[in-house]
Amino acid sequence: QVQLVESGGGLVQPGGSLRLSCAASGIMFRAYDMGWYRQAPGKQRELVATMQSGGSTNYADSVKGRFTISGDNAKNSVYLQMNSLKPEDTAVYYCKAHGPWSGNTYWGQGIQVTVSS
């Protein structure tokens, strides 16, 4: 059974930082492309950052220079370091795993990030 479990969300003031974690089980982690997406109320889910199995990364323009995605194959985990947070970063953040060979896609349950003073 595949599970993606996010942690590290919460309430933070503008300008603050949070680090999201996503622990994966049931997949060959190192063979999967991993990503973080977010969905704000009334908006569509959008890409935040992705990291391919080979290590290359991609970011949404709105988070470039503020967010960093990283992974740890030994811990089957992917992280999202979020700095200089803004109120518009408020959303539910989702972890995604995509197998480029199998075509399988899995999502975590989502975790709330709220940026507010």
Counting only residues that are modelled with pLDDT of 95 or more and over 14 Å from the mean Cα position of the chain (by Cα), which one in the stretch 43-55 is surrounded by the fewest Cβ atoms within 10 Å (Cβ to Cβ)?
44
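Any residue at all in the stretch 60-67 that's at pLDDT below 95 and open to solvent by 60 Å² or more (accessible area, probe 1.4 Å)? Give the steps one after another, and end with the answer.
We begin by selecting, within the stretch 60-67, every residue at pLDDT below 95; these are none.
For the stretch 60-67, residues at pLDDT below 95 and open to solvent by 60 Å² or more (accessible area, probe 1.4 Å): absent.
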Within the stretch 28-53, residues in a strand (DSSP E or B) and among the basic types (Lys, Arg) come out as 38
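The values are calculated or read from the model by the stated rules, or taken from the named source; none is laboratory data. Note that the structure is a prediction, hence the values are computed from the model and not measured. Note that each Cβ is placed from the backbone with ideal geometry, even for glycine, and that neighbours are counted across all protein chains shown. Side chains are part of the model used for accessible areas, which takes the heavy atoms of the whole protein and leaves out ligands, DNA and RNA. Shrake-Rupley method; radii C 1.70, N 1.55, O 1.52, S 1.80 Å.
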